[in-house]
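Only one structure is covered here, and it is reproduced in the block below.
Quick note: the coordinates plus some simple rules give every number you see, no bench work behind them. Bear in mind that the values here come from a model prediction, so they are computed numbers and not experimental data. In this analysis, Cβ positions are derived from the backbone assuming ideal geometry, glycine residues included, and neighbour counts consider all displayed protein chains.
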Amino acid sequence: MQGLEPGKGRAIAAALLTLGIFAAALWVLDDSLRHLDPADLLVPLRQLSAQQLFGAIGWTAASYFALTLYDALALDIIGRPLPYRRVATISFIACALAHSLGLASLSGGSVRLRAYSNEGISAADIALVQGLFSLTFLLGAGTLLSGSLLLEPHAAARLLHLSIPTIHLIGATLLSGMIGYAAVASLRQRPLQLRHWRIATPRAPQVASQFLVSAIDIACSAAALWVLLPASAAIHYPTFLGIYVIAITLGAVSNVPGGLGVFESALLLMLPTPEPGLLLGSLLLFRAVYYIAPFTLALLMLATREATALSGPLHRAATSLRRSLESIVPQAVAIAVFAAGAVLLVSGSLPAIGSRVQWLAQALPLGVLEASHLAGSALGVGLLILARGLYRRLAAAWWLTLIVLAGGIAASLLKGGDFEEALILLVVLAVLAVSRDRFYRHAPLTEARLSPLWLVNVGLVIGAAIWIGFVVFRDVQYDDEIWWRFAFDENAPRMLRAGVVAVMVGLIYGLWSLLGSARPEPEMPTADDIEAARQCLGHGTDSVPNLVLLGDKQLLFSDQRDAFIMYRRSGRSWIAMGNPVGNPARHAELAWRFRELCDKHSGWCVFYQVTADKLPLYLDLGLSLSKLGEEARVPLTTFSLEGKARGELRTSQRKGAREGLVFDVLEPGQVAARADELERVSSAWLADKSAAEKSFSVGRFDPAYLANFPCAVARRGDQIVAFANLWQSGDGTELSVDLMRYGQDAPKGVMDYLFVELLLWGKARGYQWFNLGMAPLAGLEQHPLAPLWHRLGLLVHRYGGPFYNFDGLRKYKDKYQPVWRPRYLASPGGLALPRIMLDTATLIAGGMREMVRK
């Protein structure tokens, strides 16, 4: 994987490992079921008694009840307990999704993050809850597994091909680890300190509860399967419990969603049964009771958010619950659609029911049945792919999924009269239809390119469906002729053709996704927009909004067009330059509109270089704040060249005068007339610095742009040798410079001379502040408990000297004795922050190439 980004390489490696484990599990299943009669799979269902069914349901309910106690216990350990009713609902939905999708830290963790955030719990505490949940499961599994290895070692020895003494040693070591955790956690009085993280350690009763709750959960889930086993299994529950713990442990560490295939393979290898087909049928029935039924229930619970809540206290409870859970509706619907696609694919690999096919043969031509069979598999792959778009809340995915589901229902009925399959798709379609408002992002479907994990899941489903087909039609003689056999009773050829169609659709989409067209450039503002923005500049004390006159940013206006936000897109980041500009009464409403616009297009909402007085607004938007640095503002009302502290500035002024420099300020009309001279100075400066024009947060040399402002110049005779265009704030209190450039014939220290004269000129004209611009990474806290961003910034400041003179810039501005004012970045923060910083730096530099150019 040479040449790949490290994170992407690891993701692909993990995906390949998961595919390898899944392939190995299929190989084991194929070997174990070599002589399988497909009819054996239905025997457990036909022989299922009411006692078995209700027993399995009861043990499943008890297991999920214990799982809800995981969350309640974790919240109690970190000192953030919540009412059990709310915890139980959130935990049940998270566990039902995690069991079906796999990767519990991502699927169940995302549910907890969204739901518990609405309860006022921080992201750090939610991460601890997820970690404690996983730890609690490991404690119970480890304890039961160690007991199994010590008391019933033969099954593990047969599976792992190890000797009994070795299995005993592994069991004893595992049990020692469990006892060690219990002792250390119970005796430790203080929280665990990891750098700036303080992790609460459970008290002795809580440690005991962790072991007990987890053991109950696993024992109940094992009982749910044990009551469904065929009589030929002939195994006592204590012995089966040990085998079950080994199987679920292997399934959990495999990263295959739900341990699919891995769990079944382990049980087939360890359970002493002469009828593997009957056992596999019981396992499929167990998955329906323990996985599919809770997942469906969780989906229905989410769907009820659309229903009208009852009045009174129940209404308030329902409203609170709905707000907590409504953000995870898209993820749950995406999983349901993914499952519906899997149903269509697996159905395409199974033989149709003979009586139904005979009925269809009398009503339909053969071509309709054949075409419907192929269409069903193609639409199944389509649903697997569209689920990714639904996960990203894309409106286009919602509409297209409705059409594909409707087509899937028709295909199910026409290819074999599969009424049960059509009913499943209809339920999913109904849930999707009532969730319309959750899918509002108008980004194209190419924005939801499949990640390595999603590609793995698609590949797993297609591969499993094809494997099921070959298992079911094991006795068929395969030859070149089989592809061209068309008849109502020829199921095997239809399975082969459907498999090829599924593979081709998946490959075509994968290539199209990789070679998709580039994102179109956003529209730039019109002359009328620029003029409207100019009228908004009369408000505020900040001079940065003058950048809008450059015309290189998109503009979002208030309805009254008396306020705006200027922004650009870079990667997935939508970056606004500074605070909202214009009428202060519109700022909050406008910021929320920008936040909604970003969310609608699946972008990250970012405000760059915002000031401290607006921080409450960005916190209300749900954004995190990162300090970018501090800007230097010289108070002009008290500025003078008198005194010892101003000696260096007096020297710069006198030196410039001796060099024959003359200070002048050109009015906007004069700037246009002397644009050629200014361009010569600018070009010489860029060539000397081997630099390209920057963008976004600074201006660029553009005669039309510079003609909007006065321009301070330093002349030798009539020749301009240096210049700086001037900005002023809307209220006329602040003066600042944008472009600062000098030519090759300018004397050394020309910019010091220009600044000193500008300060005196600004003071004489009644300005209160002169803004020298920002010193990046200045003012970051060095305290051990400072935020992570501060510590990273200090490292960049310390070791980034060869690339950027952080200290030199700060010292240069300090000689003017400014007042330092912080500037911040408001963004989603978290793991997205490094990418947002890169997007911002790329935008300012004018491209990735220019960012790394010296």
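The table below gives the values:
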{"quantity": "Label point distance in nm, residue 812-residue 297, each placed 7 Å from Cα along Cα→Cβ", "calculated": "6.8"}
{"quantity": "Over segment 330-514, equivalent-ellipsoid semi-axes from the Cα gyration tensor in Å", "calculated": "29, 19, 12"}
{"quantity": "Full-extension gain in nm, residue 527 to residue 164, via 0.36 nm per residue minus C-alpha separation", "calculated": "122.4 nm"}
{"quantity": "Cα-Cα over 29 Å, subset of 553/655; 553/763; 655/813; 655/694; 655/689; 694/813", "calculated": "553/655; 553/763; 655/694"}
{"quantity": "Full-extension gain in nm, residue 355 to residue 615, via 0.36 nm per residue minus C-alpha separation", "calculated": "86.6 nm"}
{"quantity": "Residue 641/residue 740 FRET efficiency (R0 25 Å; Cβ-Cβ; nearest 0.05)", "calculated": "0.75"}
{"quantity": "FRET E, pair residue 715, residue 588, Förster distance 35 Å, beta-carbon r, rounded to 0.05", "calculated": "0.15"}
{"quantity": "Gained length - residue 485 relative to residue 201, 0.36 nm times residue gap less alpha-carbon distance", "calculated": "95.6 nm"}
{"quantity": "Computed over segment 330-514: relative contact order in percent, which uses C-alpha pairs under 8 Å that are six or more apart", "calculated": "34"}
{"quantity": "Where labels lie 7 Å past Cα in the beta-carbon direction, separation of residue 690 and residue 478 in nm", "calculated": "6.1"}
{"quantity": "R0 of 51 Å, Cβ-Cβ distance residue 399-residue 680: FRET efficiency to nearest 0.05", "calculated": "0.35"}
{"quantity": "Signed unit charges on C-beta, dipole axis of segment 330-514, positive-most listed residue 467, 358, 430", "calculated": "430"}
